[in-house]
Amino acid sequence: MSTPDSELDRHLRALFAGLDTGADFDARLMARLRAESHTEANERALRAQQERARYRQAVSELQSWRRSVLRLVTLDTLGIGLLLVVAVVAAWPHLGRDVMDLSRQYGRYIVMLLAILTAAVPLVGMWAEQTRGPLRSP
Amino acid sequence: MELVRAERRDEAIALLLPAFRRKVFGLAYSFLRDREAAEDVTQEVFIKVWRALPGFDGRASMSTWIYTIARNASLSALRARRPQSSLSDPEVMQAVESLDPVPSADAMVDRAAILRLVDQLPTKQRQVIMLFYMQAQSHEEVATMLGMPVGTVKTLLHRARARLQAAAAQVSATA
């Protein structure tokens, strides 16, 4: 085997210059890409479906939480009203004459105001719920 | 880049394929030394490129990006399969024979010997030699493909050629 530079170059070129993929490489790759594209579209659709389901569940949980908060606030207000009534009844015999006079004069208005406030709490809650608008799935 | 932005990935790949197929295949082959495995890796590289095209931001050049994917894919494939095949395996020899339809008997002997010598080179020198003679002898292209400075490629090439020449001289002296 002779070894001048140019001959080595010639041999190396002959060995490696023609190195290439098989003839059907592009066709095989495009077929795989088409299959991949199909799989990707299916996965995307599945992900979107899962996302919608998650959103619906979150909306349902939020609505349920809002309803329970409203119930809790209503019950709290009723409880506070009842406690006030009990406190007034219990303190009534020990109240001074001035307070008795004042309460005789304004008692009905105070009771009416408290009753309106107690009734207004759930109504305000419901109004707030309505004005926020219903949550919808995307 | 416009095709990528327009999410026309198939068209983008159809444009990239003729420009990079042979180069990516050569790069994979320089790592794997197995034609079939190199083709598989080349397919994987283009599928990865197709998947990742929407995320390509153009900060690096397209060729640098593709070669990085190709190097990583080749290294993964190399780690996944052991033992390594050799350039002087019968099937590689057969592939070499098929490159030149009518080689003379002397040329075949010379090429087989050269192939064995290339096979015995250190990995990086072997890769540089293969890619240099595959890629129309461009130092810059080989440097981009292997992610090395051009100077390193020149040094590796010089050392590889010196080794090959010395080994070839030794072979002819003993023949």
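So that you can scan it fast, the table gives a plain yes or no per residue for (1) at pLDDT 85 or above; (2) of a type outside the set (D, E, K, R); (3) out of contact with any strand residue (DSSP E or B) (no Cβ under 7 Å at 6 or more places or on another chain):
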{"site": "A:Arg13", "(1), (2), (3)": "yes, no, yes"}
{"site": "A:Ser37", "(1), (2), (3)": "yes, yes, yes"}
{"site": "A:Ala48", "(1), (2), (3)": "yes, yes, yes"}
{"site": "A:Ser64", "(1), (2), (3)": "yes, yes, yes"}
{"site": "A:Arg71", "(1), (2), (3)": "yes, no, yes"}
{"site": "A:Gly81", "(1), (2), (3)": "no, yes, yes"}
{"site": "A:Val86", "(1), (2), (3)": "yes, yes, yes"}
{"site": "A:Asp101", "(1), (2), (3)": "no, no, yes"}
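Give region A:1-51 a look and list any residue that's more than 8 Å from chain B (Cβ to nearest Cβ), under 20 Å from B:Asp40 (Cβ atoms) and among the small types (Gly, Ala, Ser), or say none.
A:Ala23, A:Ala27, A:Ala31, A:Ala35
With respect to A:Ala115, is the statement that it is under 33 Å from the mean Cα position of the chain (by Cα), surrounded by fewer than 12 Cβ atoms within 10 Å (Cβ to Cβ) and among the aliphatic types (A, V, I, L, M) true? If you could, list the steps in order and put the result at the bottom.
Numbers: under 33 Å from the mean Cα position of the chain (by Cα): no; surrounded by fewer than 12 Cβ atoms within 10 Å (Cβ to Cβ): yes; among the aliphatic types (A, V, I, L, M): yes.
So A:Ala115 does not fit the description; no.
Within region A:127-137, is even one residue among the hydroxyl-bearing types (Ser, Thr, Tyr) and closer than 30 Å to A:Ala48 by Cβ?
yes
Take the residues in region B:29-65 that are outside any helix (DSSP H, G or I) and among the small types (Gly, Ala, Ser); name whichever of them is surrounded by the most Cβ atoms within 10 Å (Cβ to Cβ).
For region B:29-65, the residue satisfying everything is B:Ala60.
Mind checking whether some residue in region B:135-150 is at the interface with chain A (Cβ under 10 Å from one of its Cβ atoms), modelled with pLDDT of 90 or more and out of contact with any His (no Cβ under 9 Å at 6 or more places or on another chain)?
No, region B:135-150 contains no residue that is at the interface with chain A (Cβ under 10 Å from one of its Cβ atoms), modelled with pLDDT of 90 or more and out of contact with any His (no Cβ under 9 Å at 6 or more places or on another chain).
State whether the residues of region B:51-64 include one that is aromatic (Phe, Trp, Tyr), in contact with a helix residue (DSSP H, G or I) (Cβ under 8 Å, 6 or more places away or on another chain) and farther than 28 Å from B:Gln125 by Cβ.
Yes, that holds for at least one residue.
Are there any pairs with C-beta distances below 7 angstrom linking a residue in region A:64-93 that is under 15 Å from A:Leu114 (Cα atoms) to a residue that is at pLDDT below 85 and among the hydrophobic types (A, V, I, L, M, F, W, C), with the two at least 6 apart or on different chains, and if so which?
Taking only residues 6 or more apart or on different chains, the pairs are A:Thr74/A:Val121; A:Thr77/A:Val121; A:Gly81/A:Leu114; A:Leu84/A:Leu114.
Which residue, of A:Ala31, A:Ala17, is exposed (fewer than 14 other Cβ atoms within 10 Å of the Cβ) and hydrophobic (A, V, I, L, M, F, W, C)?
Sole residue among the options that is exposed (fewer than 14 other Cβ atoms within 10 Å of the Cβ) and hydrophobic (A, V, I, L, M, F, W, C): A:Ala31.
Taking region A:37-90, which residues are surrounded by 12 or more Cβ atoms within 10 Å (Cβ to Cβ), polar (S, T, N, Q) and within 30 Å of A:Arg132 (Cβ to Cβ)?
Passing the criteria: A:Ser60, A:Gln63, A:Thr74, A:Thr77.
Every residue, every condition in (1) in contact with a Phe, Trp or Tyr (Cβ under 6 Å, 6 or more places away or on another chain); (2) within 14 Å of chain A (Cβ to nearest Cβ), yes or no:
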residue: B:Glu11; (1), (2): no, yes
residue: B:Arg21; (1), (2): no, yes
residue: B:Gly26; (1), (2): no, yes
residue: B:Arg33; (1), (2): no, yes
residue: B:Ala38; (1), (2): yes, yes
residue: B:Ile47; (1), (2): no, yes
residue: B:Leu53; (1), (2): no, yes
residue: B:Thr64; (1), (2): no, no
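The values are calculated or read from the model by the stated rules, or taken from the named source; none is laboratory data. Model, not experiment: these values are computed from the prediction. Glycine gets a Cβ as well: all are built from the backbone with ideal geometry, and neighbour counts include every protein chain shown.
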